[in-house]
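One structure below.
The values are calculated or read from the model by the stated rules, or taken from the named source; none is laboratory data. Quick caveat: nothing in here was measured; it's all calculated off a predicted structure. All Cβ positions, glycine included, derive from the backbone under ideal geometry; neighbour counts span all protein chains shown. Only protein heavy atoms, including side chains, enter the accessible area calculation; ligands, DNA and RNA are left aside. Shrake-Rupley method; radii C 1.70, N 1.55, O 1.52, S 1.80 Å.
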Amino acid sequence: MSLAIKDDEVDIVIGALRSDLTIFMNEWRPMFSRFHVIIVKDPDLKEELKIPEGFNLDVYGKPDIDQVVGSSTSILFSGYSCRYFGYLVSRKKYIISVDDDCLPARDPKGFLVDAVAQHISNLTNPATPFFFNTLYDPYAEGADFVRGYPFSLRAGVKCALSCGLWLNLADHDAPTQALKARQRNSRYVDAVMTVPARSLIPISGINIAFEREAVGPALVPALKLAGEGKCRWETMEDIWSGLCVKIVCDHLGLGVKTGLPYIWRTDRGDPIASLKKEWEGVKLMEEVIPFFQSVRLPREATTVEECIIEVANAVKERLGSMDPVFARAAKAMLDWVKLWQSVGSSSSRSSAV
């Protein structure tokens with residue numbers, strides 16, 4: 001698959017939660033080597049990173065985060081949230097991010113899946129959020145709009161976010177994974193679809209790509225669970241971030257796609273041991289989803305930053321008294337907007353070490 005972009009328009013952002021990235025980087029070398037890579041080390045990780053040579057990359061650690069962000073923010077760039085620092089300091093048009101426990105997948109014919117190329121294809125082709133096409137992505141090779149699809153909507157809209165999927169270990173929550181401990185996803189569906197407007201989606205940060213200037217400020221590391229751990233099913237930061245970015249996309253008339261590309265997610269963690277940590281997040285979602293379903297942003301909010309400020313104020317007003325985690329999330333969202341305006345939008349960037 002040929003890319004309709006220049007190599008210098010893409011940053012690969014990796015949050016490093018484990019120290020030895022040798023296998024991970026070597027497996028991804030065919031896809032990553034032509035692009036700039038940003039690796040953000042989890043501030044809680046004490047060991048030195050092991051990274052093979054042959055990549056154009058910058059590595060950021062706790063000293064860099066402290067220098068750029070300072071102590072005046074409520075945002076914690078720890079655990080999976082460390083990758084958001086990479087989103088902040090990147091200056092590229094497109095960002096692609098995969099977890100460090102994921103490897104390239106193979107399609108049913110045995111060919112290696114180029115996740116980077118597929119994400120870029122998703123982002124550079126229009127999305128169709130206002131009318132569902134039953135042949136999925138009408139811009140894919142061999143596809144088109146079906147009979148009855150309005151010609152006035154066939155131009156589509158900008159796709160701002162691409163959400164890929166996973167083979168082997170699917171992104172279940174801890175209760176589901178504990179109940180179905182041996183279940184693995186081997187189903188490869190060769191399709192991409194636009195998520196309809198006003199439909200929420202549990203966006204997983206495991207395998208995503210986005211246009212930075214279009215929605216970067218909406219990908220916000222805000223919701224931190226009290227017992228948050230280092231396994232995906234012990235966190236909710238990406239789910240909260242995804243809900244934020246989806247309602248912002250709906251408001252601004254942008255598209256979100258899901259489906260291809262697949263990655264291979266390796267087994268990691270103990271879901272039964274994680275149940276206590278994530279159960280807080282499972283219960284919170286019962287309050288969070290109705291809230292996001294009801295949020296309507298004012299017409300005056302015409303930028304991503306303005307939209308996030310409106311959402312943060314609504315979170316504080318309507319959810320803040322229910323649980324302290326929501327009040328903290330609202331403050332983190334406002335702090336993130338300030339950071340994005342002062343650091344993420346500036347022409348200068350800090351030196352990486």
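The criterion of being assigned to a helix (DSSP H, G or I), open to solvent by 10 Å² or more (accessible area, probe 1.4 Å) and out of contact with any Leu (no Cβ under 7 Å at 6 or more places or on another chain) does not hold for Glu228. Against the condition more than 20 Å from Ser81 (Cα to Cα), in a helix (DSSP H, G or I), touching a Phe, Trp or Tyr at 6+ places or on another chain (Cβ under 8 Å) and of a type outside the set (Phe, Trp, Tyr), how does Ala314 come out, does it pass? It is true that Ala314 is more than 20 Å from Ser81 (Cα to Cα), in a helix (DSSP H, G or I), touching a Phe, Trp or Tyr at 6+ places or on another chain (Cβ under 8 Å) and of a type outside the set (Phe, Trp, Tyr).
Note on the range 282-311: among residues that are part of a loop (DSSP other than H, G, I, E, B) and not hydrophobic (A, V, I, L, M, F, W, C), the one that is most open to solvent (accessible area, probe 1.4 Å) is Arg299. Set side by side, the residues Ile65, Ile75, Ile12 differ, and just one is part of a strand (DSSP E or B) and under 20 Å from the mean Cα position of the chain (by Cα), which is Ile12. Residues of the range 302-320 that are of a type in the set (Gly, Ala, Ser) and either more than 21 Å from the chain's Cα centre (by Cα) or farther than 17 Å from Gly242 by Cβ (or both): Ala314, Gly320. Note on the range 234-262: residues that are among the hydrophobic types (A, V, I, L, M, F, W, C) and closer than 19 Å to Tyr80 by Cβ total 6. Candidates Val189, Val248: the one that is in contact (Cβ under 8 Å) with a residue 12 or more places away in the chain and open to solvent by 50 Å² or more (accessible area, probe 1.4 Å) is Val189.
Just one residue in the set Arg184, Arg154 is loosely packed, with under 15 Cβ neighbours inside 10 Å and over 18 Å from the mean Cα position of the chain (by Cα); that residue is Arg184. Mind checking which residues of the range 17-42 are assigned to a strand (DSSP E or B), surrounded by fewer than 22 Cβ atoms within 10 Å (Cβ to Cβ) and hydrophobic (A, V, I, L, M, F, W, C)? Correct list: Val37 only. Criterion applied to Tyr87, Tyr80 was being on the phi < 0 side of the Ramachandran plot, modelled with pLDDT under 95, outside any loop (DSSP other than H, G, I, E, B) and within 16 Å of the chain's Cα centre (by Cα), and the one residue passing it is Tyr80. Contact map, the range 36-48: first residue assigned by the TED database to the domain that holds Tyr94, second residue acidic (Asp, Glu), Cβ cut-off under 8 Å, separation 6 or more or different chains; pairs are His36/Asp8; His36/Asp11; His36/Asp58; Val37/Asp11; Val37/Asp58; Ile38/Asp11; Ile38/Asp58; Ile39/Asp58. For Asp267, the stated conditions hold: it is touching a Leu at 6+ places or on another chain (Cβ under 9 Å) and either outside the structural domain of Ala160 (by the TED database) or modelled with pLDDT under 95 (or both). Can you tell me which residue is farthest from Lys224 (Cα to Cα) among those in the range 56-91 that are surrounded by fewer than 19 Cβ atoms within 10 Å (Cβ to Cβ) and among the basic types (Lys, Arg)? Across the range 56-91, the extreme among qualifying residues is Arg91.
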